[in-house]
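Trainee: I'd like to ask some things about the structure below.
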């Protein structure tokens with residue numbers, strides 16, 4: 001869309017066009033009026049001149065009439081013709097016989113008529129019966145030039161007056177208020193909310209200025225309220241972050257408790273073996289070779305207990321999130337090592353499938369927590385086989401925990417990610433595991449999906465899609 005010229009230019013052009021139109025109209029009106037006035041004046045002057053010339057001819061011998069006529073014509077009186085009673089020309093221009101002249105001979109009175117050459121006055125020469133009729137004709141040019149000159153002066157003065165007064169009114173009533181509104185609008189756009197503009201302007205611009213002032217005040221109030229709300233939101237967000245961290249730690253500790261219950265049983269056998277070895281060694285009746293063998297067996301059992309405890313402590317340790325490229329096979333193997341000593345996993349087959357070098361941007365500790373939670377849930381659902389697998393799908397990566405347990409009922413499935421929702425008996429679960437797992441996966445830039453096969457198992461999928469390409 002073509003951009004229109006600036007307001008002052010558009011208004012100035014319109015004012016100039018209006019001035020030209022008004023001036024032309026003034027010229028026309030003034031010229032017509034002035035011509036009418038000058039025509040009347042010319043007729044009056046011509047009548048007087050014709051009367052004077054007729055009187056002068058009456059007192060002058062006929063032989064001198066030509067000299068008198070020429071003298072008056074050179075003086076600028078106009079066209080002069082002297083007619084005889086038979087219509088012939090006695091002096092002056094060679095004009096054809098005039099019917100008006102014959103009527104003057106009859107009426108013996110002067111007459112005035114408008115002719116194509118201007119105004120013509122016919123006056124009788126001589127008292128009583130006229131001996132001749134003198135016709136004086138004033139051409140239009142004699143009064144047209146003064147009319148045009150007066151009209152031109154009038155138009156020029158009118159145009160100057162309209163331009164000057166119009167420019168003053170335009171500046172005072174339109175341009176100055178608009179300039180003030182524009183400057184205030186720029187201040188508001190620059191962030192100076194609350195800036196005000198004077199409302200001393202015509203009604204329309206005053207209403208615009210009032211609306212701008214109201215908007216500026218509203219924006220200032222809105223910024224103040226926004227600042228207060230932002231402070232409150234920052235405080236609430238900080239409190240929410242602390243609450244989320246507390247819930248993550250709570251769920252981690254709950255998982256540690258579940259792992260510790262199985263670990264206590266798992267530590268019983270190697271601990272009993274070590275105690276037996278110690279008692280045999282304390283009897284002192286063994287050969288050095290036998291004693292050394294018992295010591296080696298005790299060391300093996302101690303290392304076994306140390307490994308179990310180390311896995312538990314690594315899982316329970318709270319670490320700040322550290323997002324980096326994580327190798328999925330390593331995290332999956334660590335999660336399996338963490339849970340495999342549990343009694344519920346002894347008769348359970350665990351499978352891990354992942355391509356070498358397959359990575360995603362994540363926090364290894366948090367991803368480890370999610371996988372442990374999914375493995376424990378699958379075991380508690382009565383699974384006999386759990387399969388952890390990871391692969392690329394299109395441009396993204398999928399990590400899945402697939403089991404053949406009882407699955408999830410259709411009426412329960414929509415609520416499994418709700419905080420504190422659980423189908424376990426009171427005291428057997430917090431209802432935070434899957435909710436926190438979902439939150440952790442989303443924080444790591446992925447999403448979690450579930451597919452249930454009631455009576456045949458369930459599959460939880462963690463998906464990471466590549467970020468969209470940056471716009472050039």
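Bear in mind these aren't lab numbers, they're just calculated from the coordinates by the rules spelled out. In this text the structure is predicted, and so the values were computed from the model without any measurement. Cβ atoms come from the backbone with ideal geometry, glycine included; neighbour counts cover every protein chain shown.
Trainee: Given a cut-off of 14 Å, what percent of all Cα-Cα pairs of the range 346-398 lie beyond it?
Mentor: 63
Trainee: Report the paramagnetic label zone for residue 127: residues of the range 42-68 whose backbone N is under 15 Å from a point 7 Å from Cα along the Cα-to-Cβ axis.
Mentor: 55-60
Trainee: If you don't mind, another one. In nm, to one decimal, how far is the modelled label at residue 356 from the one at residue 20, with both set 7 Å along Cα→Cβ?
Mentor: A separation of 8.9 nm, rounded to one decimal place.
Trainee: So for the range 321-466, considering every pair of alpha-carbon atoms, how many percent are separated by more than 27 Å? Could the numbers behind the result be given before it?
Mentor: Values: 1748 of 10585 pairs.
Summing the P(r) tail past 27 Å for the range 321-466 gives 17 percent.
Trainee: Which FRET efficiency, nearest 0.05, do residue 240 and residue 297 yield, Cβ-Cβ r, R0 45 Å?
Mentor: Efficiency for this residue pair is about 0.25.
Trainee: Between residue 281 and residue 456, what's the calculated FRET efficiency when r is the beta-carbon distance and R0 is 60 Å? Round to 0.05.
Mentor: The pair residue 281/residue 456 has a calculated efficiency of 0.70.
Trainee: Give, in nm to one decimal, the length gained when the segment between residue 103 and residue 322 is fully stretched (0.36 nm per residue of separation minus the Cα-Cα distance).
Mentor: Taking 0.36 nm per residue and subtracting the Cα distance, the gain is 66.0 nm.
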